[in-house]
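Trainee: This is the structure, below, for whatever I ask next.
The numbers here are math on the coordinates, done by the rules we state, and not lab data. Please read all numbers here as calculations on a predicted model, not as lab measurements. We place every Cβ from the backbone using ideal geometry, glycine too, and count neighbours over all the protein chains shown.
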Amino acid sequence: MSTKTWIHLACSLALGVSLAFMASLRAPGANAQNVSNGEWTASIEKQGSGINLNFRQTSENERTDERGARNQFGQTYEFAELGLTREQVMKGGPVTFALAREAGTISCEGSFQNGKGSGTFRFTRNPGFVAAMKSKGFDFESESTGKRHGLSEDKVFAAAALNVTTALADDLVSAGFGKLGVDDLFKAAIFKIDSAFMREMKATGFPNMDMEDLVKARIFKIDAEFVRQATQMGFDKEPFESLVKMRIFKVTPEFLAEVRNEGLKDLSVEDSVKLRIFNIDAEFIRKAKAEGVPLNVERLVQRRIGVGTRAI
């Protein structure tokens, strides 16, 4: 499998988990109601520090997509965000709580038992939110972030659930990163991207980065320090995708120093990644050299996968 395929799979997994809801939610049109209803389920996060809360929107017609799935969204919240305590959830019994955000308020009622809960919710949109966002260049009514049966997702509900705010919009615009859309607001909220991070990454020598690149940087923990390390490793003129490959396959200064000390001097990013993929380290190189294997990456890879030196 090529490194490009690996990157695609890794990005798809990380993005898919966080953005899947965006393809199944409906957006309010000009005649949309300011109130919608649905059901919620919840469970305490594994570490016990928050709640995994899942919303399922319903309507009078119980609209479904072509796969029969209702509009759903899941997110982890701190207890304080919901006005709940861990003790209250673990004790069980009836509860009421709310997620009050600039885009609107999600008011919930139901009950908990043994750390798990369920009930119903009512979402009341803030009628001024869409207009305020439009004044800042983010048109929630005309921009579509995915469609089902010709209807885009409920972006205002998603904005409330993810805490997409006008302050976030102002902050992103202030970075001077070019034209941004509604999708970019959601990505920034999900992956904790702000103007400081945008400026930091832009200053590393990648002036043409877009939001997708910033998302990858967050997913794979690429920051200014990692770019500095890549420069020290001799990869100062590489495209951004090369940094992604290095991070995915754990190409570190320590690893490169070890294999370079064994005689592999002029390694490209692709060569370094191959060494990692096939688990070729300093010890393997030493053994291969003792067996007469020529000292280059392709021959070492062939040796690792079992191609004998005579066949080579």
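Trainee: Near the amide H of F112, under 5 Å away, which other amide H atoms are found, from residues 5 or more places off or on another chain, if H is placed in the peptide plane?
Mentor: Close amide H contacts, sequence-distant or interchain: G93, V95.
Trainee: Still on this model: Report ³J(HN,Hα) in whole Hz for each residue of region 154-161, in order, from the Karplus equation J = 6.51 cos²θ - 1.76 cosθ + 1.60 where θ = phi - 60°; Gly and Pro get x.
Mentor: Residue by residue, region 154-161 yields 6, 5, 5, 4, 4, 4, 5, 5 Hz.
Trainee: Measuring from centroid to centroid over Cα atoms, what is the spacing of region 163-238 and region 243-312 in Å?
Mentor: 32
Trainee: Could I ask something else about it? Under the Karplus relation 6.51 cos²θ - 1.76 cosθ + 1.60, θ = phi - 60°, what is the ordered set of whole-Hz ³J(HN,Hα) values for region 288-296, x standing for Gly and Pro?
Mentor: 3J(HN,Hα) across region 288-296, in whole Hz: 5, 4, 5, 8, x, 6, x, 8, 8.
Trainee: So who's got an amide H within less than 5 Å of the one on G50, skipping anything under 5 residues away but keeping other chains? H placed 1.01 Å off N, in plane.
Mentor: E45
Trainee: Note down the net charge around T41, summing +1 for each Lys or Arg and -1 for each Asp or Glu among other residues with Cβ under 11 Å from its Cβ. Mind showing how you got there, number by number?
Mentor: Working: positive: R56, K116; negative: E39.
Net charge in that neighbourhood comes out at +1.
Trainee: Name all residues of region 114-133 having a backbone nitrogen under 14 Å from the label point set 7 Å from the Cα of K91 along its Cα→Cβ direction, giving them as ranges.
Mentor: 114-115
Trainee: Obtain the radius of gyration and the Kirkwood radius of region 249-304 from its C-alpha atoms and give Rg over Rh.
Mentor: With Rg and the Kirkwood Rh in hand, the quotient comes to 0.91.
Trainee: With a cap of 13 neighbouring Cβ atoms within 10 Å, and only residues DSSP puts in a loop, list the trypsin sites (Lys or Arg not before Pro) found in region 243-280.
Mentor: K250, K265
Trainee: I would also like to ask the following. So how do V35, V301 line up by other beta-carbon neighbours within 10 Å, fewest first? Each step should come with its number before you reach the end.
Mentor: Values: V35 10, V301 16.
Exposure proxy ranking, most exposed first: V35, V301.
Trainee: Let me ask something additional. Rounded, prolate or oblate: which one fits region 129-274, using the alpha carbon gyration tensor with axes a ≥ b ≥ c (rounded when a/c is under 1.5, else prolate when a/b beats b/c, else oblate)?
Mentor: Taking the square roots of the gyration eigenvalues as a ≥ b ≥ c, region 129-274 is prolate.
Trainee: How large is ³J(HN,Hα), in whole Hz, for each residue of region 243-257 in order, when computed from phi with the Karplus curve 6.51 cos²θ - 1.76 cosθ + 1.60 and θ = phi - 60°, using x for Gly and Pro?
Mentor: 5, 4, 4, 4, 5, 4, 9, 6, 7, 10, x, 5, 5, 5, 4
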